[in-house]
Amino acid sequence: MLYCAIWAEAWLSDLGFCLIMAVTGVWIKQRLHPLRAGRIRSVTQLKMETATMRKQRNGIRRLAVLLLGSILLGSVSEGAAGKIPVPVIHVTDLYRPHCDPDDHWDLACVFALAHRGAIDLKAVVIDYPQVGRPERNPDVAAVAQMNRITHLAVPVVAGCPLPMKSRNDTQPNATSSDHHAAETVLRLLHSAERPVVIHVIGCCRDIALAGKKAPDLFARKCAGIYLNAGTGLPGTKLEWNVSIGRAAYAAIFDLPCPIYWMPCFEGKVSADRPEKRGFGTHYVFRQGEILPHLSARAQNYFLYMLGRYTDQNWLGYLEQKPDDKLLAEFSAKDRNMWCTGGFLYCAGYTATPDGKIVPRDKAGGAPVFTFDPIAVTCDDNGHTAWRPDPKSKNRFIFHVRDAQNYPTAMTIAMKSLLSKLP
């Protein structure tokens with residue numbers, strides 16, 4: 001924006017100002033040319049009118065600069081329908097070495113949305129590693145790489161190591177270090193000028209703790225929690241993100257803010273029975289459909305993760321020529337994905353059956369997914385029960401409307417997002 005303004009100031013010379021004067025017509029004639037209007041009766045009045053004219057001229061010039069800067073910035077920023085970017089906190093189980101590479105694909109998607117101006121990425125919260133996996137660490141290097149690629153400066157914090165003992169456990173004996181992530185979330189909500197969206201794609205612990213500590217703040221400042229966990233079919237086996245924190249998962253459903261529930265699966269997947277997709281976000285894509293089409297830096301971001309590098313050379317690796325052998329190897333592999341639809345939806349977008357990213361209000365009757373209003377409960381063991389409820393204003397469930405085209409549409413949409421990364 002600064003560069004746009006500087007360039008515009010230089011470009012808007014007297015000729016540009018004359019054009020503005022021509023457009024404003026009679027008003028300028030009357031206000032900026034008092035001599036012609038016959039309103040000058042003394043030297044003192046002339047001086048006063050001249051000073052006023054100069055201020056008005058500068059004011060119009062500044063206004064034109066701002067308008068032109070907005071136009072130029074709008075050609076770069078692609079927020080849905082020109083809206084102000086949505087403030088977002090991204091909560092993820094992002095580790096190095098990776099637990100599941102989908103988390104790094106998800107991180108790239110939210111950074112891509114931030115890069116195009118659709119969201120304002122406030123922070124990344126990374127789950128504390130699970131007990132028994134000391135070799136895994138929160139992947140702050142991946143966040144650093146994405147900051148480098150997108151020219152952003154998104155902060156990152158590690159989550160709480162202590163499991164919640166019940167859905168109302170606020171852990172009063174925890175240290176400030178233990179609750180650093182929860183307090184960071186509360187601080188961001190408190191200072192936010194607009195309600196903040198929170199994506200939870202890993203453990204629910206840090207957001208559950210923050211919400212239980214300050215429910216009134218969540219009611220006022222949380223625009224919605226996109227909860228990527230659970231199964232859409234009652235009575236099925238607990239999904240992974242639920243099983244590692246049942247109390248925290250249950251606590252999310254208690255919070256007084258909108259919940260956009262995105263069950264990972266609708267039912268159990270088996271070799272002899274196709275997966276039911278109606279109320280499950282899962283899809284699969286071949287990495288070769290996207291990886292070869294990315295910039296060199298974006299390719300190296302993924303290869304550094306997929307190659308399971310654990311050194312400190314995140315910047316050097318990002319800047320080098322991509323390894324063609326690794327690129328071919330990982331392009332031939334499939335990847336499970338879940339969260340893409342929620343990232344688009346929170347930014348004001350949806351996807352059409354052919355994978356086009358469009359503003360939600362321009363999708364017509366053919367989006368591949370919707371969020372439907374529901375009534376939902378969750379018991380202390382993480383088991384949910386829900387039913388459609390057209391009157392619900394703050395509980396919604398992800399609904400695949402076009403099961404046949406959903407996987408392809410999500411893949412094409414993700415390619416469209418990530419191929420814009422520098």
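The values are calculated or read from the model by the stated rules, or taken from the named source; none is laboratory data. All values reported here derive from a predicted model rather than from experimental measurement. All Cβ positions, even for glycine, are placed from backbone atoms using ideal geometry, and neighbour counts span all protein chains on display.
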Fill in: Matching residues, the stretch 387-405, being basic (Lys, Arg) and more than 13 Å from Thr370 (Cβ to Cβ)
Arg387, Lys391, Lys393, Arg395
Response to the item:
A careful count of residues in the stretch 379-422 that are in contact with a Leu (Cβ under 8 Å, 6 or more places away or on another chain) and crowded, with 17+ Cβ neighbours inside 10 Å gives 6
Worksheet, complete the sentence: Those residues of the stretch 304-343 that are touching a helix residue (DSSP H, G or I) at 6+ places or on another chain (Cβ under 9 Å), under 30 Å from Gly280 (Cβ atoms) and not acidic (Asp, Glu) come to a total of 14
Worksheet item: Looking only at residues in the stretch 353-378 that are surrounded by fewer than 16 Cβ atoms within 10 Å (Cβ to Cβ) and among the basic types (Lys, Arg), which one is farthest from His199 (Cα to Cα)?
Response: Lys362
Practice prompt. Of the conditions (1) of a type in the set (Asp, Glu); (2) in contact with a helix residue (DSSP H, G or I) (Cβ under 7 Å, 6 or more places away or on another chain); (3) closer than 17 Å to Pro87 by Cα, Asp206 clears all except one; give me its number.
Written response: (3)
Worksheet entry | Criterion: modelled with pLDDT of 95 or more and farther than 20 Å from Val140 by Cβ - qualifying residue of Ile84, Ile119 | Ile119
Discussion item. Cβ-Cβ distance below 6 Å, separation of 6 or more or different chains: which pairs start in the stretch 144-171 with a residue that is on the phi > 0 side of the Ramachandran plot and end on one that is surrounded by fewer than 18 Cβ atoms within 10 Å (Cβ to Cβ) and in a loop (DSSP other than H, G, I, E, B)?
Written reply: Gln171/Leu162
